[in-house]
Structure formats: C-alpha cells, structure tokens
1. Within the set of pairs 6 or more residues apart or between chains, which connect a residue that is facing another protein chain (nearest Cβ under 9 Å) inside the range B:10-22 to a residue that is hydroxyl-bearing (S, T, Y) with Cβ atoms less than 7 Å apart?
2. With (1) modelled with pLDDT of 95 or more; (2) within 12 Å of chain A (Cβ to nearest Cβ) as the list, and B:R126 as the residue in question, which single condition is left unmet?
3. Within the range B:42-54, is there a residue that is more than 14 Å from every other protein chain (Cβ to nearest Cβ), touching a residue at least 24 places away in the same chain (Cβ under 8 Å), touching a Gly at 6+ places or on another chain (Cβ under 7 Å) and in a helix (DSSP H, G or I)?
4. For the range A:115-126, does any single residue satisfy the condition of being out of contact with any Cys (no Cβ under 7 Å at 6 or more places or on another chain), more than 10 Å from chain B (Cβ to nearest Cβ), surrounded by fewer than 19 Cβ atoms within 10 Å (Cβ to Cβ) and among the charged types (D, E, K, R)?
5. Could we say that A:N130 is surrounded by 15 or more Cβ atoms within 10 Å (Cβ to Cβ) and assigned to a loop (DSSP other than H, G, I, E, B) here?
6. For the range A:5-101, which helices (runs of 4 or more DSSP H) that fit wholly inside it have 1 or more residues that are within 14 Å of chain B (Cβ to nearest Cβ) and among the basic types (K, R)?
7. Could you please find all residues in the range B:161-170 being touching a strand residue (DSSP E or B) at 6+ places or on another chain (Cβ under 8 Å) and either crowded, with 18+ Cβ neighbours inside 10 Å or modelled with pLDDT of 95 or more (or both)?
8. It is to be established whether one or more residues within the range A:139-159 are part of a loop (DSSP other than H, G, I, E, B), away from chain B (no Cβ under 14 Å) and in contact (Cβ under 8 Å) with a residue 40 or more places away in the chain.
Amino acid sequence: MSATIDAAAVSRKDILADGLWRNNTIFAQLLGMCPLLGVTTSAVNGFWMGAATTLVLLGSNTVVSLIRGFVPRDVRIPAYITVIAAFVTVVGMAMNAWAHEMYLVLGLFIPLIVVNCAILGRAEAFASKNGLADSAADALGVGLGFTLALMLLGSVREILGHGSIFGVHVLGERYPDFLMFVLPPGAFIALGFIIAGVNIINRRLGRKIEARAGCSPAAHPASEQA
Amino acid sequence: MTEQTALTPAIRMVLALTLVTAIAAALLGLTDLVTRQPIHEAQRAMLRASLEQVLPPHANNPIDDALTVHADGRDIPVYIARDATGRVVALAWEVVAPDGYSGAIRILMGVAPDGTIQAIRVTDHRETPGLGDGIVRNRAWVDSFSGKRLDNARWAVKKDGGDFDQFTGATITPRAVVKAVHRGLEFFAAQRARLLKRASRLEEPARKAKLQP
C-alpha cells in the first residue's frame with residue numbers, strides 16, 4: 001500500500017518526516033479521499049477530522065504493534081479492523097460528549113474513519129512490523145500529515161468559497177460566496193492545484209532528500225500509488 | 001512464543017481474535033461509562049439552546065416542562081414556556097420534513113397559544129451548502145415565518161402561489177420546510193384545546209411547589 005520502511009535504517013525523526021510530508025497520505029499517496037473531499041468545506045472541519053483520525057491512528061498503531069507477535073498472519077486483517085473500529089467508536093463517543101457541535105457537523109464521516117484505508121495501511125505496512133515507540137511515531141507523523149492536508153484544503157476552500165478562514169472574514173464581509181469551492185467539484189480542483197504545488201516544492205527539495213535517504217519516495221510522489 | 005507451538009493454528013486464531021474482540025469490547029464499555037452522562041448533558045444543552053431561539057422570554061425550563069403527544073404514530077415531545085406566574089406563553093415542538101433535497105430536515109418551531117409562530121429553527125439537515133442551506137443561513141427567510149398563522153398566510157413557496165420565498169437554484173428545500181411547518185401548525189390546531197388543558201394542569205403542582213418553601 002505504501003513504501004515499506006526499513007525501520008532499522010531510519011531514525012524516529014525520519015519516520016515522522018515521512019508521514020508528515022514525504023509520504024503524506026494525501027499529497028503523496030492520494031489515500032483517504034472520502035473524508036478529504038467530504039468534510040473539508042472549512043478549515044475547522046479539516047482540523048477536527050484530522051485530529052480524530054490522528055487519535056485513531058495513535059491508538060490502532062500502538063495496539064497493533066503490541067499484539068503483532070500474538071496475532072496469526074491469517075487473521076491479522078480482521079484483528080486490525082476490530083482494533084481500528086474500537087478506537088473509531090471511542091473517538092466518536094468522546095467527540096459526542098466533549099465536542100458535541102463538531103460531532104454533529106462531521107456526522108457520518110466519524111464512523112467512516114474505520115474504512116479510511118490509510119489507517120489499515122499503517123497497521124499493515126508499519127505497526128505490524130515495528131516496535132511500540134516507532135509505531136507511535138509513525139502514527140503521529142501520518143496523522144499530523146493528514147491533518148495538515150485536510151486543514152490546508154479546508155482553508156483554501158473556505159477562503160475561496162466564503163471569504164473567511166476559521167470563520168473569520170478575511171476578504172471583507174461583502175465577499176460573494178463562490179459556491180463551486182464549497183461543493184465537491186471545488187474540492188477536486190483545489191486539491192489538484194495543492195498537489196501540483198507540493199510537487200513543485202518536492203522537486204526543488206528533491207535532490208536534498210535523495211542525498212539523505214538514499215532512495216526517495218518523494219521524487220514521483222503521486223504516480224506510484226495512485 | 002514457544003509454548004504456543006503446541007497449539008494448532010486454528011486454536012491460535014480463535015484465541016487471538018477472542019482476545020482482541022474482548023479487549024475492544026472492554027474498551028468500548030469503559031468509554032460508554034465515561035461518556036454517557038456528558039453526551040446526555042451535551043444533547044440537553046443543545047436542545048436548550050435551540051429552544052431559547054424559538055421561544056419568547058420565559059421563567060421555567062421548557063425541557064423539564066414537557067408533554068408527550070401521540071400523533072402520526074410517534075410520540076412528540078411538546079416543550080412549554082411559561083412566564084413567572086405559570087401562564088403558558090408559548091409551546092415548542094419538532095417537525096420533520098422527510099422530503100428535503102437530501103434527506104430529512106428537522107425543524108424546531110415555537111408557537112404562541114393562539115397558534116402564531118414565534119420562530120422556527122432548522123436543527124438538522126443535509127442540504128447542499130450554499131443553496132439549500134439557506135434555510136439555516138438566510139436569516140430574513142427564517143424570520144419570515146415569525147408572526148404567521150394558519151389563517152394569515154398562503155402556506156407554499158412563491159413559485160407554487162404561496163407567501164414564502166424560494167431560493168435561487170433551490171426550490172425543493174424551502175418547499176419541504178414550508179410544508180413541514182404548515183403540518184406542524186395543523187397538528188397544533190387539531191391538538192390545541194387538549195394540549196393547553198394538559199399544560200395548565202401541569203402548571204398547578206409546579207406553582208404550588210414553588211410557593212410552599
């Protein structure tokens with residue numbers, strides 16, 4: 001699903017950087033499109049969806065890492081999904097209790113975190129092969145990278161669509177709502193431009209990363225996993 | 001792992017899955033225990049805030065001062081707002097428009113005892129952002145319901161010859177809301193006498209309890 005990482009060779013900082021940027025779930029792997037396009041109508045929504053996903057990832061990656069020697073290979077996927085579903089439900093209940101309004105806004109997308117293939121992907125590709133601390137670091141990196149992408153897209157759509165960011169008007173009260181960016185087509189268009197921008201940045205950084213990591217998954221980020 | 005080599009693979013699988021699901025179940029049970037009360041309170045606070053928006057100033061807590069009316073095959077809670085003397089100043093209940101553009105729209109409506117709408121608020125919907133969601137964001141439209149009764153308005157959108165605006169690019173959503181609020185008023189007209197009688201009966205013990213200490 002994603003480039004497997006030779007954990008012995010990379011430091012924890014590399015694990016973090018990998019999830020956060022180089023192998024970013026959205027920018028590099030184009031996974032998790034459903035929550036990405038569904039909830040990023042505003043920066044706040046993007047932040048909360050990212051935070052919920054990060055918490056689920058932290059929980060699932062640590063538990064999967066803990067039980068990795070115990071669960072037989074043949075039943076590992078049902079076991080991982082059970083773990084992920086449990087954490088999604090826990091996060092959903094906690095949001096319902098302590099962030100009730102946000103819970104109502106995100107609605108169906110919270111339980112749908114279960115089927116975010118990026119999370120099962122991390123369990124299978126990383127946590128099932130690595131120790132507790134590394135798996136937690138991976139979850140943090142991937143989760144924050146996902147949050148970053150969701151917030152970035154949410155901000156762009158909110159600014160272009162409503163002229164505001166985090167609910168604060170920045171383009172003046174009289175800004176006419178640009179509906180296309182609030183609706184799904186705007187999400188695709190904005191995402192396309194953001195990924196193009198990320199690729200330009202990566203190309204400029206490309207040589208530096210290549211030199212440091214030996215082989216760079218960021219050289220052609222979108223092409224291999226899409 | 002050496003002692004596990006004695007077990008057959010099938011038993012190991014069953015053991016592993018049983019343990020994982022047992023831990024997951026325990027985790028969920030624990031979370032439910034911790035969050036049940038806060039969720040209940042959050043829902044009440046939410047309802048309270050919505051009620052404040054559709055009801056005129058009142059001295060009681062309408063959530064605790066509610067009647068249940070059986071109509072259309074379901075129990076509908078009717079929240080009662082009273083002034084300091086215990087007189088009913090308005091009632092509020094929720095109506096559901098099943099025919100929104102995408103799914104049901106839930107509307108809370110506050111109505112004076114004579115059948116005049118105080119205010120309405122949409123509490124839940126899945127309408128298109130920027131088009132149908134005008135039922136929440138377009139304050140002028142929301143406020144156009146205030147002061148309307150069954151007999152002083154034509155209960156349809158303008159396109160259908162009524163008094164209520166539709167939105168550019170979205171007729172289905174406001175049409176569904178107008179229809180649902182209209183049904184809500186008809187429900188009140190049918191139940192009015194019984195409702196007010198039950199409401200004033202409720203008031204007696206409540207007022208006595210307040211006077212005694």
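1. Qualifying pairs under 7 Å: B:V20/A:T82; B:T21/A:T82.
2. The single condition B:R126 does not satisfy is (1).
3. First, pick out the residues of the range B:42-54 that are more than 14 Å from every other protein chain (Cβ to nearest Cβ): B:51-54.
Subsequent filtering for residues that are touching a residue at least 24 places away in the same chain (Cβ under 8 Å) retains B:51, B:53-54.
Now narrow it down to the ones that are touching a Gly at 6+ places or on another chain (Cβ under 7 Å): B:54.
With in a helix (DSSP H, G or I) added as a condition, the list becomes B:54.
Scanning the range B:42-54 turns up at least one residue that is more than 14 Å from every other protein chain (Cβ to nearest Cβ), touching a residue at least 24 places away in the same chain (Cβ under 8 Å), touching a Gly at 6+ places or on another chain (Cβ under 7 Å) and in a helix (DSSP H, G or I).
4. Within the range A:115-126, one or more residues are out of contact with any Cys (no Cβ under 7 Å at 6 or more places or on another chain), more than 10 Å from chain B (Cβ to nearest Cβ), surrounded by fewer than 19 Cβ atoms within 10 Å (Cβ to Cβ) and among the charged types (D, E, K, R).
5. On the way: surrounded by 15 or more Cβ atoms within 10 Å (Cβ to Cβ): yes; assigned to a loop (DSSP other than H, G, I, E, B): yes.
The answer is yes for A:N130.
6. Working: elements: A:12-17, A:33-39, A:43-66, A:76-98.
Per the criteria, A:76-98.
7. Quick first cut of the range B:161-170, residues touching a strand residue (DSSP E or B) at 6+ places or on another chain (Cβ under 8 Å) only: B:164-166.
Passing the criteria: B:F164, B:Q166.
8. Just the residues of the range A:139-159 that are part of a loop (DSSP other than H, G, I, E, B), to begin with: none.
Checking the range A:139-159: not a single residue is part of a loop (DSSP other than H, G, I, E, B), away from chain B (no Cβ under 14 Å) and in contact (Cβ under 8 Å) with a residue 40 or more places away in the chain.
The values are calculated or read from the model by the stated rules, or taken from the named source; none is laboratory data. Quick caveat, the model's predicted, so the values are computed rather than measured. Please note: Cβ atoms are built from the backbone with ideal geometry, for glycine as well, and neighbour counts cover all protein chains shown.
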